[in-house]
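Since the structure comes first, as structure tokens, the remarks are kept for the end.
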Amino acid sequence: MCAELDGRATDADVARVNALASAAPPVVRAVRAADGTLVRTLAARPDCGALLAQIARDAVDLLTDQRARGQLRRCEGEACAVIYLGHLARPAPPLVLQRGVRQPGAGGPPPQTRGGRLQLTTRGVRRARGGAGRS
């Protein structure tokens with residue numbers, strides 16, 4: 001993703017993402033929770049290939065949707081590789097993260113943490129969800 005955003009991606013890079021995206025993603029299903037609402041869960045524990053397929057499919061979606069691609073932003077921290085979706089409706093200062101915490105006065109979407117891992121909230125793109133048996 002970084003190489004494509006920088007204009008450095010080769011046809012081999014794109015072929016690699018396409019190959020990863022061609023595998024079957026994790027299978028999800030709807031089940032009833034204790035309160036009767038439908039919740040999404042995994043049908044079985046996914047293997048590494050299925051997880052990579054889902055990530056690669058999301059990358060293809062982001063890179064081929066011109067609106068979403070135009071919203072991709074990078075953390076401007078010196079050693080940070082985070083790419084996130086910004087919002088075009090309201091320009092914000094660059095996001096700078098340090099040890100998974102947004103620095104005071106830094107702009108960008110407010111990160112949320114779950115289990116010590118950084119999770120950036122976005123609209124229109126699937127978010128990673130924590131917890132056993134969920135996708």
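Any read-out appearing in this document is the output of simple, stated calculations on the displayed coordinates, not a laboratory observation. Since this is a predicted model, take the numbers as computed values, not measurements. Glycine also receives a Cβ, built like all others from the backbone with ideal geometry; neighbour counts cover every protein chain displayed.
The table below gives the values:
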item	result
Arg32 vs. criteria in contact with a strand residue (DSSP E or B) (Cβ under 7 Å, 6 or more places away or on another chain), over 16 Å from Val17 (Cβ atoms) and surrounded by fewer than 10 Cβ atoms within 10 Å (Cβ to Cβ)	yes
Of all residues making up the stretch 6-27, the number that are aliphatic (A, V, I, L, M), out of contact with any Leu (no Cβ under 6 Å at 6 or more places or on another chain) and not in a loop (DSSP other than H, G, I, E, B)	6
Residue in the stretch 5-18 that is of a type in the set (Val, Ile, Thr), exposed (fewer than 14 other Cβ atoms within 10 Å of the Cβ) and free of Cβ contacts under 8 Å to residues at least 24 places away in the same chain present	yes
Long-range neighbours under 8 Å by Cβ, at least six apart or interchain, first residue free of Cβ contacts under 8 Å to residues at least 24 places away in the same chain within the stretch 66-81, second in a helix (DSSP H, G or I) and crowded, with 16+ Cβ neighbours inside 10 Å	Arg69/Leu62; Arg69/Leu63
